[in-house]
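One structure below.
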């Protein structure tokens with residue numbers, strides 16, 4: 001990949017992924033490449049496809065809990081990048097059971113609650129972080 005040629009890299013990853021559409025690693029590479037182009041709408045759609053593939057996998061072949069956690073946090077990040085703060089909050093609240101990185105999830109929620117003028121919820125999330133770190 002030439003430095004800064006994110007669209008070319010995304011196209012290359014798309015072609016690679018199309019050659020082996022059930023390969024989750026290719027989908028993840030394509031997802032990141034699309035994200036780097038700044039096309040957050042397409043990245044969101046690609047992430048939907050990644051999650052559909054994961055749902056179709058045999059349980060023993062599914063990604064580990066921390067990988068699902070990262071994808072959930074990434075989904076929230078995409079919503080935030082698109083200015084969809086409420087959607088980002090909803091994603092984190094809905095996926096709280098799969099978010100293994102409680103500190104990162106909590107810090108993100110505090111920031112998003114603050115951006116959404118929800119001081120009480122931000123304070124509760126901050127207190128939860130303090131409890132986790134004691």
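Under a Gaussian network description of the chain, with springs only between Cα atoms under 10 Å, the residue in 50, 103, 34 that fluctuates furthest is 103.
The Cα-based radius of gyration and maximum Cα-Cα distance (Dmax) for region 84-134 are 10.3, 33 Å. Here region 1-58 is treated as an ellipsoid with the same Cα gyration tensor; its semi-axes, largest first and in whole Å, are 21, 13, 7. For the chain, the mean projected area of the C-alpha convex hull, equal to one quarter of the hull surface, is 9.3 nm².
Taken together, the values in this text are just the output of simple stated rules run on the coordinates, not laboratory data. None of the values given here were measured: they were computed from a predicted structure.
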